[in-house]
Amino acid sequence: MLTARFHPAIAELPAATWDALRASANPFVSHAFLHLLERTGCIRPDWGWQAHHLGLYEDDRLVAAAPLYLKGNSHGEFVFDWSWASAWERAGGDYYPKLLNAVPYSPVPGPRLLAGQDARAPHLRQALVEAMRAETERMGLSSAHANFLEDAELGAFGGDWLPRSDVQFHWHNHGYRGFDDFLATLKAKKRKNIRHERAQVRASGLDIRIRDGASLDKDTWRQIHALYAGTFDAKGNHAALTRAFFEALGDLDDAVQVACAMDGERIEAMALFLQSDTALYGRYWGARVEVPGLHFELCYYRGIEHAIARGLGRFEPGAQGEHKLARGFVPVRTHSRHYLAHPQFRRAVREALVHEAQAMDDYAAELATHAPYAGACR
């Protein structure tokens, strides 16, 4: 007998068991990362996030789990449903709160249905999905959503869950011995442009280095947070990750890396990464100086060098950005699933998604014709 329980804080769930249930060591669904978001004030109802984590128990033993939130808006999700919310509210309904199975502020594909890797995993994933649907009905919510799912999880969602997909740009390590080895696989024009961009950064005189997050002191983390917040402020966006969150990032040990552009002891620009044993993930960037090519150097080229040096299989630099295609990143499909409780609303959205899916297929096909590699798309 499986029993579903919902928890208002990740601290209520056992950390070691939670982490053991992950199908991969993706750092964004680690208990430590999710707890860090909660304990440093990044998850709060007035910002639209209320933890509602799901645990499946068998004789009081946690056997499956899912990071789950009650959402009062659609900020920080990166799978956009603003038009759905507007349509439902114009019809007199309350779209919010809704239920969200995701990692806050992180458009990173990875495990969302934590069920281990043994023969029971498919059954447990289906039980997690059913528990989310039942909780949506019990609470009278408009909808439930699962974002940036792994391919192995898609089969757990029945026909009532509407499929959506999008495109990100990822870099894959094909056993490169160094950055020049990677460059040699690109088309000549792409290779020339990258060398030019890197030369511009070298000419600036800035000292570029990647630093282990665990080695940075609180003052350095305050500088990094200021650069992150400044980027959001300049674009008129809300910087949701607090200074306390950044100051505690070093507690995640070697999961955190920072590419820094230094002028003496002063950090002039930075790019923040998280990593697992197989992948590097680019997250945030900030700069107080304008140097041609510096964004690409910190956010992409240093990440590629780091992935090669560490033997990581891929580098995911973040959502969106067709400009990444010219720098060795190739299109990859991402997936989400959506349950809309009202049958007629669900039917209307399903029809709209048919057209969206065709447009996304056409977009992906067009991107494939612009592959940056000299041979077949890598």
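For segment 237-378, the calculated P(r) over all alpha carbon pairs, in 10 Å bins from 0 to the bin holding the longest distance, is 9, 29, 30, 21, 10, 1, 0 percent. Rounded to the nearest angstrom and listed largest first, the equivalent-ellipsoid semi-axes of segment 1-159 from its Cα gyration tensor are 24, 18, 15.
What the Cβ-Cβ distance of GLN200 and ASP59 gives, at R0 = 51 Å and to the nearest 0.05, is a FRET efficiency of 0.25. Label 7 Å along Cα→Cβ of GLN344; segment 79-95 residues with amide nitrogen under 20 Å? From segment 79-95, the list is 83-95. Taking the chain as a Gaussian network of alpha-carbon nodes connected by springs under 10 Å, the highest mean-square fluctuation of the residues GLU265, GLU356, GLU316 belongs to GLU265.
Of the chymotrypsin sites (Phe, Trp or Tyr not before Pro) found in segment 60-118, the ones in coil according to DSSP and having at most 12 other Cβ atoms within 10 Å of their Cβ are PHE80. Are there any chymotrypsin sites (Phe, Trp or Tyr not before Pro) in segment 171-269 that are in a DSSP loop and have at most 10 other Cβ atoms within 10 Å? List them by number. Here no loop site has a sparse enough neighbourhood. Solvent exposure of segment 297-339, expressed per residue, is 31 Å² of accessible area, with all protein chains present and a 1.4 angstrom probe. Just the protein heavy atoms count here, and of the accessible area of the chain at 1.4 Å, carbon and sulfur take up 50 percent. The largest-to-smallest principal axis extents of the Cα set in segment 150-253 are 57, 44, 32 Å.
Label sites at ARG138 and ASP233, each approximated as a point 7 angstrom past Cα along Cα to Cβ, lie 4.4 nm apart. Using the Cβ of THR3 as centre and a radius below 15 Å, the other residues enclosed give a net charge of -3, where K and R count +1 and D and E count -1. Only helices at least 15 Å long along their axis, Cα-based, and averaging -0.5 or more on Kyte-Doolittle count here, so list those DSSP H runs from the chain. Helices meeting the criterion: 343-368.
Summing +1 for each Lys or Arg and -1 for each Asp or Glu among the other residues whose beta-carbon sits under 15 angstrom from that of ASP362 gives -4.
Total lysine pairs in the chain at Cα distances under 28 Å, for residues eight or more apart or on different chains: 9. Its Cα gyration tensor gives the chain an equivalent ellipsoid, and the semi-axes of that ellipsoid, as √(5λ) in whole Å with the largest first, are 36, 24, 21.
Under 5 Å between amide hydrogens, built in the peptide plane, is the criterion, and for THR334 it picks out ASP166, VAL167, GLN168 among residues at least 5 positions away or on other chains.
The values are calculated or read from the model by the stated rules, or taken from the named source; none is laboratory data. As the structure is a prediction and not an experimental result, all values here were calculated from the model. FYI the Cβ positions are ideal-geometry reconstructions off the backbone, even for glycines, and counts take in every protein chain you see. All accessible areas refer to the heavy atoms of the entire protein, side chains included, with ligands and DNA or RNA removed. Shrake-Rupley method; radii C 1.70, N 1.55, O 1.52, S 1.80 Å.
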